[in-house]
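The values are calculated or read from the model by the stated rules, or taken from the named source; none is laboratory data. Computed from a predicted structure; not experimentally measured. Glycine also receives a Cβ, built like all others from the backbone with ideal geometry; neighbour counts cover every protein chain displayed. What goes into the accessible areas is simple: the full protein's heavy atoms, side chains included, and nothing from ligands, DNA or RNA. Shrake-Rupley method; radii C 1.70, N 1.55, O 1.52, S 1.80 Å.
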Amino acid sequence: FKMAEDACQRALTLDRRAPSVYVALGNLYLASGQVEQAVNEFNTAIALKPKFVEAYLGLGDAYLAQGQLTLAEETYRTALNSQSDNWLAQTKLGNFYFLTGQPNKAIPYYHRIAELMPDNTRVLSNLGAAYFVDGQFQLAVDTWERGLSINPTGLTYANVATGLFLLKRYEEAVPLYHKAVEQAPEDYQLWGNLGDVYRHLPESREMSGPMYRNAIKLAENRLAVNASDANTHGLVGHYQAALGEREKALASINRALELAPDDVYVNFSAATAYVSLGEMELAMAALEKALDNGFPMHMAVADANLEQLKELPRFEAAMARRE
């Protein structure tokens, strides 16, 4: 981070009116959790170059990080209106709807990007993800497998494996997650996914422990750069709870909820962690909050990490209210 920041500052000594440098600084500060500073850098870039799409996209990301959803949507739309066929602007707006629990709105943007870039596996990844969050798991797997046929990336292997996980085809998911880890060994979430899938394979359950521990180790590296990353704290809590590390798990979940009390994914991680710890009332409360804030009901129903919770009448009642 320091080396990157120094490089940007050196660039500004050569040209203080270079908008791309301010965008680079904005993205850097955004990645490190310094959101207000990021907003300032993006606005400086826009003042220097009023139709700079990348600056508007970065500013939209900053507003999204602050929870200013209306401003984020408006800013992404400003970027897209400047260049209607800009694939990154299409992606950012699609991602906005995806991240705010509106996958049905994201799908048309992802389809448009797929038309612009038919051989791009990341585009197919996003389209598959929208189908996935919309509960169309088999269609998601089919879309991601198209990506595998074009370019077998670690991300695509992971996506197909995740679709298979929710379809409860665990044995098929394991080798695909391993292929993903081979290509992205520093990705803590992939190691956590391996922990989850092994956990639900009775004959290989003992393999889940090493996977979760490696996930925690790598996640801690991420938190060393950005200690305010609520989603990472939440996932660490999930991993620790699966390992039976009760006090550590509760601390991680509490920290995640302090940082982002209304975040759908943080609350979902809290729910899965509480289930592992046997705290069913807390799990149900966290799950209901995640659902109320946009977490897809069909994903909750399909997730094996909530199996014990599904036996409760309160779970059935919560799902019935949302049908």
- Out of all the residues in region 1-35, which are hydrophobic (A, V, I, L, M, F, W, C), open to solvent by less than 40 Å² (accessible area, probe 1.4 Å), farther than 29 Å from Thr232 by Cβ and in a helix (DSSP H, G or I)? Ala11, Leu12
- Check whether at least one residue in region 75-88 is open to solvent by 50 Å² or more (accessible area, probe 1.4 Å), modelled with pLDDT under 90 and part of a helix (DSSP H, G or I), and report yes or no. yes
- Could you tell me whether any residue of region 258-276 is of a type in the set (S, T, N, Q) and open to solvent by 50 Å² or more (accessible area, probe 1.4 Å)? no
- Scanning region 59-74 residue by residue, those open to solvent by 20 Å² or more (accessible area, probe 1.4 Å), of a type outside the set (Gly, Ala, Ser) and closer than 22 Å to Tyr22 by Cβ turn out to be Asp61, Tyr63, Leu64, Gln66, Gln68, Leu71, Glu74
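Conditions (1) within 29 Å of Leu69 (Cα to Cα); (2) surrounded by 20 or more Cβ atoms within 10 Å (Cβ to Cβ), marked per residue:
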{"residue": "Leu223", "(1), (2)": "yes, no"}
{"residue": "Ser228", "(1), (2)": "yes, no"}
{"residue": "Tyr239", "(1), (2)": "no, yes"}
{"residue": "Ala317", "(1), (2)": "no, no"}
- Note on the structure: Within region 181-193, of all residues that are modelled with pLDDT of 95 or more and aliphatic (A, V, I, L, M), the one surrounded by the most Cβ atoms within 10 Å (Cβ to Cβ) is Leu190
- Query: Are there any pairs, at least 6 apart or on different chains, whose C-beta atoms fall under 9 Å, with the first in region 139-165 and under 13 Å from Pro175 (Cα atoms) and the second of a type outside the set (Ser, Thr, Tyr) and not in a helix (DSSP H, G or I), and if so, which?
  - Reply: Gly154/Ala184; Gly154/Asp187; Ala158/Ala184; Ala158/Asp187; Phe165/His200; Phe165/Asp303
- Message: Restricting to region 194-209, name every residue that is surrounded by fewer than 16 Cβ atoms within 10 Å (Cβ to Cβ) and acidic (Asp, Glu).
- Response: Glu203, Glu206
- What pairs come up if the first residue lies in region 238-258 and is within 19 Å of Ala290 (Cα to Cα), the second is part of a loop (DSSP other than H, G, I, E, B), and their beta carbons are under 7 Å apart, counting only those six or more places apart or on different chains? Ala241/Leu277; Ala249/Leu277
- In region 104-144, the residues that are surrounded by fewer than 16 Cβ atoms within 10 Å (Cβ to Cβ) and either more than 27 Å from Leu80 (Cα to Cα) or touching a His at 6+ places or on another chain (Cβ under 7 Å) (or both): Gln138, Asp142
- Message: I'd like to know if region 229-237 contains one or more residues that are among the β-branched types (Val, Ile, Thr), within 30 Å of Tyr29 (Cα to Cα) and in a helix (DSSP H, G or I).
- Response: yes
- Query: How many residues are farther than 19 Å from Ala106 by Cβ and in a helix (DSSP H, G or I) when one looks only at region 120-157?
  - Reply: 6
- Kindly indicate which of Leu88, Leu80, Leu116, Leu99 is in contact with a Phe, Trp or Tyr (Cβ under 8 Å, 6 or more places away or on another chain) and aliphatic (A, V, I, L, M). Leu116
- Hits in region 279-307 - residues which are closer than 14 Å to Gly237 by Cα and out of contact with any helix residue (DSSP H, G or I) (no Cβ under 7 Å at 6 or more places or on another chain): Glu279
- Message: Given the criteria modelled with pLDDT under 90 and of a type in the set (A, V, I, L, M, F, W, C), does Ala140 qualify?
- Response: no
- Which is more than 29 Å from Gln102 (Cα to Cα) and among the polar types (S, T, N, Q), of Ser149, Ser208? Ser208
